[in-house]
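Q: Below is one structure. I have some questions about it.
Read-outs throughout are calculated quantities, based only on the coordinates presented, and are distinct from any laboratory measurement. This structure is a prediction, so every number in the text was calculated from the model and none was measured. Please note: Cβ atoms are built from the backbone with ideal geometry, for glycine as well, and neighbour counts cover all protein chains shown.
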Amino acid sequence: MQGIQTVGIEKLIDEEKDSALKNIGYKILNEERISFDEGVLLFEKASLGFVGALANFVREKKNGNNVYFNRNFHIEPTNVCVFTCAFCSYSRLYKHREEGWELSEEQMMHIVKSYDNKPVTEVHIVGGVHPKLNLNFFINLMKKIKAHRPELHIKGYTAVELDYMFRKAKVSVEEGMQMLKDAGLQSLPGGGAEIFHTDIREQICADKVDAEGWLNIHKAAHNLGMHTNATMLFGHIEKYEHRIDHMDRLRNLQDETGGFNTFIPLKFRNQNNDMSNIPESSVVEDMRLYAISRLYLDNFPHLKAYWPMLGRQNAQLSLSFGVDDLDGTIDDTTKIYSMAGSEEQKPALSTVELVALIKQAGRTPVERDTLYNVIKDYSNEDINTLAANPHYN
Ligand code: V47
Ligand code: SF4
């Protein structure tokens, strides 16, 4: 099978008329790293078919036919935020907090307890940067969650939230990360990365942590043995160079620490924010971006299409363009994307729906935990039998 695929890829590369693209194709085939300029060239010149086939070749080498998902829910403690990112449809300033929400510890524990008899493996905690919430508040929350359900993996807090918390508590990044880890935090989500390059960052989110600060927090987490994700907000005012610059910084840190699990491109959605005049990117551009990310980030084990942002049909399509992970069941517990105009207004997929969606795309559904340990391979499971079992609904 592998042999047949390689022959198919070689033919595709041979038939490529542009010699620079042909050269990149052979590099990928021979597992050689592509350069910054070659990454930009792919964005400028390569067809969807060309990058898609190469990305699929890479994803099958790394992850076979598997598509991973998990059973998870989110807690969004607040949407009150001290920052004013131009693309954000979700946050409210403290002076307008009556338009937003602020959950107490008790309310968040109520959410955790509502999953007591459900087979979820992860809680994802992310929200605005509230001026009155501090490191101790979140340390106590972690401890309470862990005391209640020790096996539930806590993935929480973007580097933006952490940077603010640590500065306010006057602790170093290393001290703060250690304190949160001791309280029960196990991994970090990838949010807040946006576009690292200052030319863009200054225009879309000037006031929050910069690229160095973001990368430094992830590095500190990796040094404590924690795994983290990385995102990139794309499809707004950034140029191809800025996308590759972003991925290049991530690739360099990953060479150093090996602590990233997954890269998650996030498509800019343009409803209800200060960048609503910018049209959203096309599906073809989205798929090209997934494919080129898979080719550039040769040291990232996984590439995720976050379906509440992309929509489930396009997420399914992305499985042919390098993506091997769809995130999770979500259970309608996040508002970031519905508020920004995603077609997924109440994002929730049952396990059986996720399994069916992956099978329809000709892939193998594999339930994972946060760290990609396999919980269950669904390749031999019949959809109707699963649908009749409440455990999978
Ligand atoms: O950093 C905000 C993005 C991110 C918009 O690690 C927007 O598994 C598009 O990071 N259009 C937060 N995107 C969410 C996040 C995340 C989500 C899912 C999984 C993981 C993970 C991480 O949401 C922000 C920002 O880049 N965002 N507004 C918008 N209008
Ligand atoms: Fe605040 Fe995050 Fe929205 Fe920026 S993206 S305004 S940091 S909630």
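Q: Which helices (runs of 4 or more DSSP H) does the stretch 47-152 wholly contain that include 2 or more residues that are under 20 Å from residue 302 (Cβ atoms) and touching a residue at least 60 places away in the same chain (Cβ under 8 Å)?
A: Values: elements: 48-63, 105-113, 135-148.
Here the list reads 48-63.
Q: Listed residues 320, 350, 338; which is surrounded by fewer than 21 Cβ atoms within 10 Å (Cβ to Cβ), in contact with a Phe, Trp or Tyr (Cβ under 7 Å, 6 or more places away or on another chain) and among the small types (Gly, Ala, Ser)? Break it down into steps so the answer makes sense when it comes.
A: Numbers: 320 fails: in contact with a Phe, Trp or Tyr (Cβ under 7 Å, 6 or more places away or on another chain); 338 fails: in contact with a Phe, Trp or Tyr (Cβ under 7 Å, 6 or more places away or on another chain).
Within the list 320, 350, 338, the selection yields 350.
Q: Restricting to the stretch 228-249, what's the tally of residues that are over 17 Å from residue 35 (Cβ atoms) and surrounded by fewer than 20 Cβ atoms within 10 Å (Cβ to Cβ)?
A: Count: 2.
Q: Considering only the stretch 8-42, how many residues are hydroxyl-bearing (Ser, Thr, Tyr) and under 28 Å from the mean Cα position of the chain (by Cα)? Walk me through how you get there before you give the answer.
A: Taking the stretch 8-42 as the starting set, the residues that turn out to be hydroxyl-bearing (Ser, Thr, Tyr) are 19, 26, 35.
Next cut, under 28 Å from the mean Cα position of the chain (by Cα) only: 35.
So the answer is 1.
Q: Considering every residue within the stretch 46-69, establish whether at least one is of a type in the set (S, T, N, Q) and within 16 Å of ligand 1 (Cβ to nearest atom).
A: To start, the set of residues in the stretch 46-69 that are of a type in the set (S, T, N, Q) comprises 47, 56, 63, 65-66.
Right, trim to within 16 Å of ligand 1 (Cβ to nearest atom) and you get none.
No, because not a single residue in the stretch 46-69 is of a type in the set (S, T, N, Q) and within 16 Å of ligand 1 (Cβ to nearest atom).
Q: May I pose another question? Would the stretch 94-114 turn up any residue that is in contact with a Cys (Cβ under 8 Å, 6 or more places away or on another chain) and either away from ligand 2 (no atom under 16 Å from the Cβ) or under 24 Å from residue 342 (Cβ atoms) (or both)?
A: no
Q: Further, regarding this structure: Can residue 43 be described as surrounded by fewer than 22 Cβ atoms within 10 Å (Cβ to Cβ), in a helix (DSSP H, G or I) and aromatic (Phe, Trp, Tyr)?
A: On the way: surrounded by fewer than 22 Cβ atoms within 10 Å (Cβ to Cβ): yes; in a helix (DSSP H, G or I): yes; aromatic (Phe, Trp, Tyr): yes.
Against the criterion (surrounded by fewer than 22 Cβ atoms within 10 Å (Cβ to Cβ), in a helix (DSSP H, G or I) and aromatic (Phe, Trp, Tyr)), residue 43 qualifies.
Q: Hey, another quick one. Among the residues of the stretch 79-94 satisfying the criterion of being surrounded by fewer than 19 Cβ atoms within 10 Å (Cβ to Cβ) and within 14 Å of ligand 1 (Cβ to nearest atom), which is nearest to residue 237 (Cα to Cα)? Don't jump to the end; show me each part of the working.
A: From the stretch 79-94, those surrounded by fewer than 19 Cβ atoms within 10 Å (Cβ to Cβ) are 82-84, 86, 92-94; that's our starting set.
When the remaining residues are screened for being within 14 Å of ligand 1 (Cβ to nearest atom), the result is 83-84, 86, 92.
Numbers: 83: 19, 84: 17, 86: 11, 92: 23 Å.
The extreme case among them is 86.
Q: Still on this structure: Tell me the residue from 273, 277 that is among the polar types (S, T, N, Q), buried (at least 19 other Cβ atoms within 10 Å of the Cβ) and either within 19 Å of residue 188 (Cβ to Cβ) or within 14 Å of ligand 1 (Cβ to nearest atom) (or both), please.
A: Values: 277 fails: buried (at least 19 other Cβ atoms within 10 Å of the Cβ).
Every option except 273 fails the conditions.
Q: Return the residues of the stretch 184-231 that are among the β-branched types (Val, Ile, Thr), in a helix (DSSP H, G or I) and either within 15 Å of ligand 2 (Cβ to nearest atom) or under 19 Å from the mean Cα position of the chain (by Cα) (or both); say none if nothing qualifies. Show your work before the answer.
A: So in the stretch 184-231, the residues among the β-branched types (Val, Ile, Thr) come out as 195, 198, 200, 204, 209, 217, 228, 231.
Subsequent filtering for residues that are in a helix (DSSP H, G or I) retains 198, 200, 204, 217.
Across the stretch 184-231, the qualifying residues are 200, 204, 217.
Q: Also, I was wondering about something else. Could you please let me know if residue 181 is part of a helix (DSSP H, G or I), over 24 Å from residue 236 (Cβ atoms), more than 16 Å from ligand 2 (Cβ to nearest atom) and basic (Lys, Arg)? Don't jump to the end; show me each part of the working.
A: On the way: part of a helix (DSSP H, G or I): yes; over 24 Å from residue 236 (Cβ atoms): yes; more than 16 Å from ligand 2 (Cβ to nearest atom): yes; basic (Lys, Arg): yes.
Yes; evaluated as a whole, the condition is true for this residue.
Q: Let me ask another. Looking at (1) within 18 Å of residue 299 (Cβ to Cβ); (2) small (Gly, Ala, Ser); (3) buried (at least 21 other Cβ atoms within 10 Å of the Cβ), which is the one condition that is false for residue 191?
A: (1)
Q: Could I ask something else about it? Do we have any residue at all in the stretch 111-122 that's within 16 Å of ligand 1 (Cβ to nearest atom), buried (at least 18 other Cβ atoms within 10 Å of the Cβ) and not polar (S, T, N, Q)?
A: The answer is yes, given that some residue of the stretch 111-122 is within 16 Å of ligand 1 (Cβ to nearest atom), buried (at least 18 other Cβ atoms within 10 Å of the Cβ) and not polar (S, T, N, Q).
Q: Could you please find all residues in the stretch 339-355 being within 17 Å of residue 273 (Cβ to Cβ), of a type in the set (A, V, I, L, M, F, W, C) and part of a loop (DSSP other than H, G, I, E, B)?
A: 340
Q: Next question. Tell me which residues, restricted to the stretch 123-162, are of a type in the set (Lys, Arg) and surrounded by 20 or more Cβ atoms within 10 Å (Cβ to Cβ).
A: Residues of the stretch 123-162 that are of a type in the set (Lys, Arg), as a first pass: 132, 143-144, 146, 149, 155.
The answer is 155, and nothing else.
Q: Kindly provide the set of residues from the stretch 303-320 that are in contact (Cβ under 8 Å) with a residue 60 or more places away in the chain and either more than 15 Å from residue 266 (Cα to Cα) or assigned to a helix (DSSP H, G or I) (or both), ordered by number.
A: Of all residues in the stretch 303-320, those in contact (Cβ under 8 Å) with a residue 60 or more places away in the chain come to 303-304, 319-320.
Hits for the stretch 303-320 are 319, 320.
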